[in-house]
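Novice: The structure that follows is given in the form of structure tokens.
The values are calculated or read from the model by the stated rules, or taken from the named source; none is laboratory data. Because the structure is a prediction, the values reported are computed rather than measured. All Cβ positions, even for glycine, are placed from backbone atoms using ideal geometry, and neighbour counts span all protein chains on display. The protein model used for the area step is the full one, side chains on, heavy atoms only, and it has no ligands, DNA or RNA in it. Shrake-Rupley method; radii C 1.70, N 1.55, O 1.52, S 1.80 Å.
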Amino acid sequence: MRNLRLNPPPREGRANLKKRILIFGCTSPELVRLLEVISASGKDPLEIAGFIDDNPVTHGRDVFGYKVLGDSDLLRGQFNGAYVANNVAASTKSRHAVARKIEQAGARHYSSIHPGVELGCASIGEGAIIQEGCLISPYVKLGKHCLLNLGTIIAHECTIGDACFFGPRATLNGRVTVGNEVYIGSSAVLLPNVKIGDGATVGAGAVVTRDVEPGATVVGVPARRIR
């Protein structure tokens, strides 16, 4: 298994300056690499302690170069008060549920933002994951625990709720409003001023020209509801 570690060996006297961080969920390597890039940049030196996962089958495994140390009970024990990066993305609801579990354990959410992303006048909620190549325009409001994949574009004055997922190259034009736990598929385009209700799903490649009701799934060009 390929080891993705990018961090140089810690220099004497600097190791104690690093934030100790756990990754919740061992499903994909993208967040691991992002954390390593953040640390290697020197902007926020990190010590990745390993993974935690509530699936006991994973415990003790070496995943992407780091051990799965155990389940979320560790956050109340030896890792009490640690920083945690939420790597759960099976669904927006499951991501939100894990975020709440982290909070209930008294751990601190870590916002994983690629050092090459310019945030400017944007407001970013805690626990965000913002990958390389994302563009976030002025006066964007991004809620807690959102995940922006590679190349996501969010134009000026968009407002995004909590625990939303954006696939690679998703594009939101100006003044779009997105509710909580919304899933936006890869390369989807949302035209200016549309509103997306809580829990809605926008399919990959869809072009949204009108408001989407809460819980609806829309696909196609232009996007139409399918259920």
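Novice: Please list, in order along segment 162-169, the HN-Hα scalar couplings obtained from phi with the Karplus expression 6.51 cos²θ - 1.76 cosθ + 1.60 (θ = phi - 60°), rounded to whole Hz, x for Gly and Pro.
Specialist: Once rounded to whole Hz, the list reads 8, 6, 8, 10, 10, x, x, 6.
Novice: Sticking with this structure for a sec: Can you give the net charge of the other residues whose Cβ lies under 14 Å from the Cβ of E157, counting K and R as +1 and D and E as -1?
Specialist: Summing Lys and Arg as +1 and Asp and Glu as -1 gives +3.
Novice: Considering amide H positions built from the backbone, and no H for Pro or chain starts, which residues 5 or more places from A82, or on another chain, come under 5 Å of its amide H?
Specialist: Result for A82 returns R108.
Novice: Over all directions, average the projected area of the Cα convex hull of segment 58-144 and note it in nm².
Specialist: Values: hull surface 26.9 nm².
Here the figure is 6.7 nm², rounded to one decimal.
Novice: Right, here's the next one. Could you put Y110, Y139, Y183 in order of accessible surface area, largest first, with the 1.4 Å probe and the full protein assembly present?
Specialist: Y139, Y183, Y110
Novice: Taking only protein heavy atoms and a 1.4 Å probe, what accessible area per residue, in Å², does segment 167-227 have with all protein chains in place?
Specialist: Roughly 47 Å² per residue, with all protein chains present.
Novice: Between V178 and residues 5 or more places away or on another chain, which pairs have amide H atoms under 5 Å apart, with H built 1.01 Å from N, and which residues are they?
Specialist: Long-range HN contacts for V178: T159, I160, G161, I196.
Novice: Using θ = phi - 60° and the Karplus form 6.51 cos²θ - 1.76 cosθ + 1.60, what ³J(HN,Hα) does each residue of segment 43-51 get, whole Hz, x for Gly and Pro?
Specialist: Running phi through 6.51 cos²θ - 1.76 cosθ + 1.60 with θ = phi - 60° gives 6, 8, x, 10, 10, 7, 6, x, 9 Hz.
Novice: Same structure again: Among F24, T209, G106, whose Cα sits farthest toward the positive end of the charge dipole of the chain (+1 at Cβ of Lys/Arg, -1 at Cβ of Asp/Glu, about the Cα centre)?
Specialist: So the residue we want is T209.
Novice: While we're here: From the alpha carbon gyration tensor of the chain, can you work out the equivalent ellipsoid semi-axes (sqrt of 5 times each eigenvalue) and give them in Å, largest to smallest?
Specialist: Working through the eigenvalues yields semi-axes of 32, 19, 15 Å.
Novice: Label 7 Å along Cα→Cβ of A90; segment 23-37 residues with amide nitrogen under 12 Å?
Specialist: From segment 23-37, the list is 25-27.
Novice: Please say if segment 26-102 is rounded, prolate or oblate, where rounded means a/c under 1.5 for a ≥ b ≥ c the square roots of the C-alpha gyration tensor eigenvalues, and otherwise the choice is prolate for a/b larger than b/c and oblate otherwise?
Specialist: rounded
Novice: Under the rule a/c < 1.5 gives rounded, and otherwise a/b versus b/c splits prolate from oblate, where does segment 164-225 land using the Cα gyration tensor?
Specialist: Rounded, because the longest to shortest axis ratio a/c is under 1.5.
Novice: Classify segment 110-172 as rounded, prolate or oblate from the Cα gyration tensor: take a ≥ b ≥ c as the square roots of its eigenvalues, call it rounded if a/c is under 1.5, otherwise prolate when a/b beats b/c and oblate if not.
Specialist: Cα axes put segment 110-172 in the rounded bin.
Novice: Related question: What number, rounded to the nearest 500 deg cm²/dmol, is the helix-based mean residue ellipticity at 222 nm of the chain, given -39500 (n - 2.57) per DSSP H run of at least four residues and division by all its residues? Can you show the working numbers first?
Specialist: Details: 2 runs with 25 residues, N = 227.
Helices in the chain give a 222 nm mean residue ellipticity of -3500 deg cm²/dmol.
Novice: Also, I was wondering about something else. Which whole-Hz ³J(HN,Hα) couplings does segment 109-125 yield from phi under the Karplus relation 6.51 cos²θ - 1.76 cosθ + 1.60, θ = phi - 60°, glycine and proline marked x?
Specialist: 6, 10, 8, 9, 10, 4, x, x, 8, 8, 8, x, 8, 6, 10, 10, x
Novice: Counting pairwise Cα distances across segment 21-63, what percent come out greater than 14 angstrom?
Specialist: Summing the P(r) tail past 14 Å for segment 21-63 gives 49 percent.
Novice: What does the accessible area of H96 come to, in Å² to the nearest 10, when a probe of 1.4 Å is used?
Specialist: Using a 1.4 Å probe on the heavy atoms, I get roughly 30 Å².
Novice: Sticking with this structure for a sec: What's the percent breakdown of Cα-Cα distances in segment 63-114 across 10 Å bins, shortest bin first?
Specialist: 23, 53, 24
Novice: Hey, what angle do you get for helix 30-41 against the long axis of the chain, alpha-carbon based, 0 to 90 degrees rounded to 10?
Specialist: 60
Novice: Give me the percent of DSSP beta bridges within segment 55-204 that run antiparallel, rounded to the nearest 5.
Specialist: Approximately 5 percent, going by the DSSP bridge assignments.
Novice: Another question, if that's okay. As I understand it, the value is the acute angle between the Cα axis of helix 92-104 and the longest principal axis of the Cα atoms of the chain; what does it come to in degrees, rounded to 10?
Specialist: Between the helix axis and the principal axis of the chain, the angle is about 40 degrees.
Novice: While we're on this one: Let me check against my output: what whole-number percent is the relative contact order of the chain, with C-alpha pairs under 8 Å and at least 6 apart? Write out the running numbers ahead of the final one.
Specialist: Details: 631 pairs, mean separation 24.1, N = 227.
Once normalised by length, the contact order is 11 percent.
Novice: Name the long-range amide H neighbours of R224: under 5 Å, sequence gap of 5 or more, or other chain; modelled H, no Pro or chain starts.
Specialist: V219
Novice: Which sequence of K144, K19 reflects their accessible areas, 1.4 Å probe, from the largest down?
Specialist: Accessible-area ranking of K144, K19, largest first: K144, K19.
Novice: Which whole-angstrom value gives the distance between the alpha carbon centres of segment 137-188 and segment 39-117?
Specialist: 22
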